[in-house]
Amino acid sequence: MRLEKRLSIVSIWLLFQAISGFGQDTLAHRNLAYYLDAGLANSPLLKDNINSITLNRLDSLINIAINKPYVQAIGQYLYAPTGPNWGYDQSTTNGGAYTGLIQANRNLLYRRNLRIQNNLNSALRDSLVNTVRINQNDLEKAIVDLYLTAFQDYQQMVIFGDLYQILSSQNEVLKELLRKALFNQSDYLAFRVDWQQSEVNHEGAKVQFLQDILALNTLCNIPETGLVQLEKPALALQARFTLDDNPYFLRYRYDSVIVERNRRVIDIFYRPSLDFVVNAGTNAISSDLITRRFGYSLGLNFTMPIYNGNQRKLQYQKLDVAQLTIRNYRTQYLNRFNLQLRTVNEQLRVNQNLITITERQNTDVENLLTISQARLYRGDISAIDYLLIVQRYLNSKLSLNQLIIQRQRFINTFNYRNF
């Protein structure tokens with residue numbers, strides 16, 4: 001009776017040690033926030049997006065600069081010698097040209113053109129800012145997905161390690177019972193095979209977890225290669241947002257605005273242009289007269305397009321096709337958005353029911369394993385029957401781990417769509 005009581009206590013202690021974790025205290029701790037912060041800070045794509053916004057601001061400044069007065073220096077030295085029966089006609093060359101001018105040009109109708117160009121740049125800037133939000137959300141989802149994969153494999157590694165620890169401790173007890181002829185040789189060999197397989201499973205899970213961590217570090221540009229201890233993610237459902245602030249929906253609105261403002265830019269090339277020109281300096285036909293031909297001139301240059309083969313109409317038609325494409329994609333997104341959120345909500349409901357059932361099953365299997373350990377030591381059950389219970393314990397642990405991570409994936413998908 002004392003032996004049975006002692007074996008029961010040993011069984012409970014072994015199970016408690018397994019549940020408490022398998023050799024994880026020496027590893028560095030990492031959580032989801034660590035990888036999100038590193039991934040967003042190190043992303044070359046997001047940095048490229050920020051640089052694009054900077055370039056857009058510079059484009060606006062360039063547009064302002066282009067529409068300011070343009071001042072240039074003009075110099076010309078042309079000598080056309082002549083002789084008997086050779087040389088250019090003097091009436092066309094005047095024998096030479098000697099020019100040194102400072103000239104300024106200014107478009108008098110620049111304000112409207114500048115406003116149109118700035119409106120286009122403003123729409124492009126809004127689109128670029130929205131693109132930053134989209135790429136950031138995409139990157140966050142990718143990081144969370146990889147983290148969940150790594151955490152699932154990390155938990156699987158821990159579960160296999162816990163099982164190996166349980167079986168290793170039991171192996172010592174069973175060897176002692178076998179030495180005293182209190183345990184069957186064939187049952188011990190069957191137990192030993194499963195014990196060795198548990199070690200193989202643990203090492204295989206460790207390799208898989210290391211691959212996951214390397215993939216996660218690569219995505220986040222983190223220069224680490226070793227194993228770490230991952231903290232359990234705790235994603236929560238975000239409140240339902242409207243589409244008015246959804247960057248994936250706003251993308252189509254910004255694209256539509258850009259198309260319309262490009263239409264106004266096209267109009268610039270078909271409007272009258274009036275330039276004021278003024279210059280001052282010297283302009284002579286003989287080098288002897290350079291110092292006596294200083295002066296200035298001013299005037300207006302006017303141009304107005306009349307006909308170019310209806311190119312503006314064709315360009316408008318191209319923009320109409322672009323608008324139609326945007327509307328088609330926007331309609332598809334609206335239909336998919338509502339369907340995807342309803343689907344994820346249903347998946348979350350079913351998943352929660354499965355978690356509740358599996359948690360109850362897991363508790364029962366743990367109790368059954370504790371009882372079966374003592375019965376194994378007493379010889380009340382064979383090693384084969386005991387190993388079947390161990391397999392149930394393992395499957396229950398793995399299933400619960402998979403369901404918990406699956407729920408986190410569903411939440412991540414919901415938050416991603418509901419951004």
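Brief remarks on what is shown
- Some residue of the range 76-91 being more than 30 Å from VAL200 (Cα to Cα) and surrounded by 15 or more Cβ atoms within 10 Å (Cβ to Cβ): yes
- Hey, VAL265 surrounded by 12 or more Cβ atoms within 10 Å (Cβ to Cβ), touching a residue at least 40 places away in the same chain (Cβ under 8 Å) and in a strand (DSSP E or B) or not: no
- From the list ASP320, ASP380, ASP385, ASP364, the lone residue that is outside any helix (DSSP H, G or I) and surrounded by fewer than 15 Cβ atoms within 10 Å (Cβ to Cβ) is ASP380.
- Hey, LEU314 in contact (Cβ under 8 Å) with a residue 40 or more places away in the chain and either among the hydrophobic types (A, V, I, L, M, F, W, C) or part of a helix (DSSP H, G or I) (or both) or not: no
- Scan of the range 49-95 for residues that are closer than 21 Å to ASP288 by Cβ, assigned to a helix (DSSP H, G or I) and not small (Gly, Ala, Ser), ordered by number: GLN90, THR92, THR93
- Note on the range 212-242: residues that are surrounded by 13 or more Cβ atoms within 10 Å (Cβ to Cβ) and not in a loop (DSSP other than H, G, I, E, B) amount to 11.
- Residue ID - farthest from the chain's Cα centre (by Cα), chosen from residues in the range 172-207 that are buried (at least 17 other Cβ atoms within 10 Å of the Cβ) and of a type in the set (S, T, N, Q): SER198
The rows are residues; the columns are (1) closer than 19 Å to ARG417 by Cα; (2) in contact with a Gly (Cβ under 7 Å, 6 or more places away or on another chain); (3) of a type in the set (D, E, K, R).
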site: GLN315; (1), (2), (3): no, no, no
site: LEU324; (1), (2), (3): no, no, no
site: ARG336; (1), (2), (3): yes, no, yes
site: GLN347; (1), (2), (3): yes, no, no
site: THR356; (1), (2), (3): no, no, no
site: ARG375; (1), (2), (3): no, no, yes
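Values in this text are rule-based calculations from the coordinates and carry no lab data. What you see is a predicted model; the values in this text were computed from it and never measured. For neighbour counting, all protein chains shown are included, and Cβ atoms are generated from backbone atoms with ideal geometry for every residue, glycine included.
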